[in-house]
Amino acid sequence: MKKAVFSLTVMLATLIASVAVAADNEITIAALNTVSTIATVAGFGIAIAVFGPSLGQGLSIYGACTGIARNPDAAGTIRVTMIIGLALIESLAIYALVIILLLLFAFPYSEVITKFLG
């Protein structure tokens, strides 16, 4: 219970401090709300975008291990194909990260984000 109260107090203090910083730097509340909304959406977006590639990587590794267990003579070919497939799957997560970073830093309120983050 004490941890929950402490966490709530810290979050409330952070919220009050961010509003005070916004008032000092003459940042409008609408811009601050836009920034916080984009940051929240970007966080959820990367979590969702990483879920698919991680599931695909797990399934491909499972399939490769099963294939090698059934036919050990083809282990080299299966391993090379698996590594190429994993690299392609990982590129999907990297593309999602790039898009989310663009959302965070390449829109009209990017200067508000840099002021807000310090």
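The values are calculated or read from the model by the stated rules, or taken from the named source; none is laboratory data. Quick caveat: nothing in here was measured; it's all calculated off a predicted structure. Backbone-built Cβ (ideal geometry, glycine too); neighbour counts: all protein chains shown.
Brief remarks follow.
- Criterion applied to 100, 84, 78 was being of a type in the set (A, V, I, L, M) and free of Cβ contacts under 8 Å to residues at least 12 places away in the same chain, and the one residue passing it is 84.
- Which listed residue is assigned to a helix (DSSP H, G or I) and buried (at least 16 other Cβ atoms within 10 Å of the Cβ), from 43, 67: 67
- For the range 91-117, a residue qualifies if it is β-branched (Val, Ile, Thr), at pLDDT below 80 and under 18 Å from the mean Cα position of the chain (by Cα), and exactly one does: 113.
- Note on the range 70-92: residues that are closer than 29 Å to residue 103 by Cβ and not in a helix (DSSP H, G or I) total 0.
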